[in-house]
Amino acid sequence: PTTLAALARTKAQLLIWVTCGCGGTRSVVDQVDRWREAAPAIDIQLVSTMSEGSTEATYPEQRRWLYDLHGQALASLGGAYPAALLLGADGLLAGGPVFGEADVTDLAEAVIEQLSGAPLPDA
């Protein structure tokens, strides 16, 4: 278990909540590897509200997951799937939350545009 602030202690985090492999959720997951490659200055994390087994069966191509079992963190943000928020390296909210395929994609693309050419944070 961890907190959102703890996740962002060393690097900004774009957290993307997903569930079943349908529709807009699948479309967002399919873009994550490209986003990660385009924005190495931040961590782009997929957050599943399903069990580990269900997540791995639904998205076998993805290997990195955070889990928000029962969607409690997402529920506290008041949203639906897919959803995203950007945490700054200071642990504070830097963008979002946003909900739905189009808004999640727009947030990710805006972050990538802003960070193009940004130096990688110190390890």
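Annotations for the structure displayed:
- Here residue 53 does not fit the description of being at pLDDT below 90 and part of a helix (DSSP H, G or I).
- Pairs where the first residue, in segment 70-81, is closer than 21 Å to residue 1 by Cβ and the second is in a loop (DSSP other than H, G, I, E, B) and open to solvent by 50 Å² or more (accessible area, probe 1.4 Å), C-beta under 9 Å, 6+ apart: 71/81; 74/80; 74/81
- Pairs are defined by a Cβ separation below 7 Å, a sequence spacing of at least 6 or placement on different chains, a first member in segment 85-106 that is at negative phi, and a second member that is among the basic types (Lys, Arg) and open to solvent by less than 70 Å² (accessible area, probe 1.4 Å); the pairs so defined are 89/11.
- Condition met for residue 113 (assigned to a helix (DSSP H, G or I) and among the acidic types (Asp, Glu)): yes
- Pairs with Cβ under 6 Å, 6+ apart, first in segment 43-59 and closer than 19 Å to residue 89 by Cβ, second open to solvent by 10 Å² or more (accessible area, probe 1.4 Å): 43/11; 44/36; 45/66; 47/66; 47/68
- Against the list (1) within 24 Å of residue 1 (Cβ to Cβ); (2) buried (at least 17 other Cβ atoms within 10 Å of the Cβ); (3) out of contact with any Phe, Trp or Tyr (no Cβ under 7 Å at 6 or more places or on another chain), the condition residue 99 fails is (1).
- Qualifying residue in segment 64-86 (condition: surrounded by fewer than 19 Cβ atoms within 10 Å (Cβ to Cβ) and part of a strand (DSSP E or B)): yes
- Candidates are the residues of segment 40-60 that are more than 17 Å from residue 4 (Cα to Cα) and within 16 Å of the chain's Cα centre (by Cα); the one that is surrounded by the fewest Cβ atoms within 10 Å (Cβ to Cβ) is 40.
The values are calculated or read from the model by the stated rules, or taken from the named source; none is laboratory data. These figures come from a predicted structure and were not determined experimentally. As a convention, Cβ positions derive from the backbone with ideal geometry for all residues, glycine included, and neighbour counts pool all protein chains shown. Accessible surface is based on the protein model in full, side chains and every heavy atom, while ligands, DNA and RNA are left aside. Shrake-Rupley method; radii C 1.70, N 1.55, O 1.52, S 1.80 Å.
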